[in-house]
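Presented below is the structure to which this report refers.
The values are calculated or read from the model by the stated rules, or taken from the named source; none is laboratory data. Everything numeric here is computed off the predicted structure, so don't read it as measured data. Cβ atoms come from the backbone with ideal geometry, glycine included; neighbour counts cover every protein chain shown.
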Amino acid sequence: MVLRRHQPVTATIPSTIQDSFGASEILRRIRGTVRETSASGGRQVEFQALGTVCRLTLVGPSAAVAAFVESALAWVAGFEAKYSRFLPGSLVSRINEAAGVDWVDLDPEAERIIAICHELNFLSRGVLDPTVLPLLRLWNWKAGVIPSEEAIRQAMECVGWRRVQRASGRIFLPVTGMGLDLGGMGKEFAVDQVALLARHGGLTGALVDFGADIRVVGLPADGRPGWHVGLEDPAAPGRTWRGLAVREAAVATSGDYHRRFEINGVRYSHILDPRTGRPTNNGVRAVSVLAPSCLQAGLLSTSALVLGPVEGLRLIDSTPGAAGAIVTETQVLQSRHFHEHVAS
């Protein structure tokens, strides 16, 4: 299972995106959250975007670092403005509003994004489904309320990637109430694109971390032959249970231990299984995967979390270039090649 190489989206924001999707306003908001500090001979830049904390650890000439930060912030702002379902003027919101009514035009960049969604749904055996939005709205983990069986059934009638109709340069959600959510691939895709900007931006090293979805290029400033990436312990958030040595690769972690609710001793995760319409409940607390791209690492970590420990580990082991660990309530299961990347 290998994702095809998708062309990187341009690092500049065309004026049409700014005018149509409000990227300039998003960029102002992001810039207002930026914090820069020194970090082991390099620079660390932290900001809020894409609904999470984003961190860039950068190594290279100061002018190149400054130029890269500006281009990265601009690209992220344009991506969020266009593809966030939470922004009423975004392309995704327009697609969702037109569900059951009309087709929506896609530019070549958006058509590539939708094509990636199609590929991820296929490769994940259907457990990564961008049409899961009706279920996400129903299972509000912040409210901690279990929906009725009838409500789940009705929501499921609006879920299923195979329902989506696609034609050259346009898309149509044929059922009123359907909706897209790119949360299953958006951050990972953004990490890969920003990492590519770093690679071509004159930096000697960069670690891109968007909410624990990570990709590294080049080398760290301290002279080590690779970057050290800690894996958070789901039993003790804030602490790590293992450290990986990572070079020219990505690491993604999916887990149910940060966002969940509990009723009568039963855990309800924020990660849903679109096949059942319910939160995952298979004893898996977290899955971490190392892979050539963050998009692939995220695909594998989330899919394994939903599929469960046995099928999930089989999926990781069957993927060339990937390695991972599945943390359950009782044990840690490691893929065949995971030990090759362990640093601590």
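For segment 239-344, give me every one of the strands (runs of 3 or more DSSP E) that falls completely inside it and has 3 or more residues that are among the hydrophobic types (A, V, I, L, M, F, W, C).
The qualifying strands (runs of 3 or more DSSP E) are 240-246, 250-255, 284-291, 323-328.
Scan segment 89-112 and give yes if some residue there is modelled with pLDDT under 95 and not in a helix (DSSP H, G or I), otherwise no.
Yes, because at least one residue in segment 89-112 is modelled with pLDDT under 95 and not in a helix (DSSP H, G or I).
Test of understanding: among G184, G126, G160, G177, which residue is in contact with a helix residue (DSSP H, G or I) (Cβ under 7 Å, 6 or more places away or on another chain) and over 25 Å from T52 (Cα atoms)?
Of G184, G126, G160, G177, the one residue that is in contact with a helix residue (DSSP H, G or I) (Cβ under 7 Å, 6 or more places away or on another chain) and over 25 Å from T52 (Cα atoms) is G177.
For segment 251-269: of the residues being in contact (Cβ under 8 Å) with a residue 60 or more places away in the chain and among the aliphatic types (A, V, I, L, M), which is nearest to L138 (Cα to Cα)?
Per the criteria, the residue is I263.
Check off (1) assigned to a strand (DSSP E or B); (2) surrounded by fewer than 21 Cβ atoms within 10 Å (Cβ to Cβ); (3) in contact (Cβ under 8 Å) with a residue 12 or more places away in the chain for L56 and give me the number that stays unchecked.
(2)
With V45, V76, V104 as the choices, which residue is β-branched (V, I, T), in contact with a helix residue (DSSP H, G or I) (Cβ under 8 Å, 6 or more places away or on another chain) and more than 19 Å from K187 (Cβ to Cβ)?
Only one candidate qualifies: V104.
Pairs needed: first member in segment 153-164, on the phi > 0 side of the Ramachandran plot; second member anywhere, among the polar types (S, T, N, Q); C-beta distance under 8 Å; at least 6 residues apart or different chains.
Qualifying pairs under 8 Å: G160/T131.
Could you tell me whether segment 299-310 includes any residue that is of a type outside the set (G, A, S) and surrounded by fewer than 18 Cβ atoms within 10 Å (Cβ to Cβ)?
Yes, because at least one residue in segment 299-310 is of a type outside the set (G, A, S) and surrounded by fewer than 18 Cβ atoms within 10 Å (Cβ to Cβ).
Each row is one residue, and each column tells you yes or no for (1) under 20 Å from L135 (Cα atoms); (2) among the hydroxyl-bearing types (S, T, Y).
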position: I263; (1), (2): yes, no
position: R267; (1), (2): yes, no
position: G277; (1), (2): yes, no
position: A291; (1), (2): no, no
position: G321; (1), (2): no, no
position: T328; (1), (2): no, yes
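With D256, D233 as the choices, which residue is at pLDDT 90 or above and farther than 17 Å from F210 by Cα?
Only one candidate qualifies: D233.
Which is in the same structural domain as Q331 (by the TED database), basic (K, R), in contact (Cβ under 8 Å) with a residue 40 or more places away in the chain and under 21 Å from T330 (Cβ atoms), of R242, R278?
R242
In segment 203-239, what residues are under 16 Å from A252 (Cβ atoms) and touching a Phe, Trp or Tyr at 6+ places or on another chain (Cβ under 8 Å)?
Residues satisfying the conditions are L207, V216, L231, E232, P234.
Which pairs do you get when a residue that is under 17 Å from A74 (Cβ atoms), found in segment 180-208, comes within reach of a residue that is of a type in the set (D, E), reach meaning Cβ atoms under 6 angstrom, with the pair 6+ apart or on two chains?
Close Cβ pairs satisfying both conditions: V191/D213.
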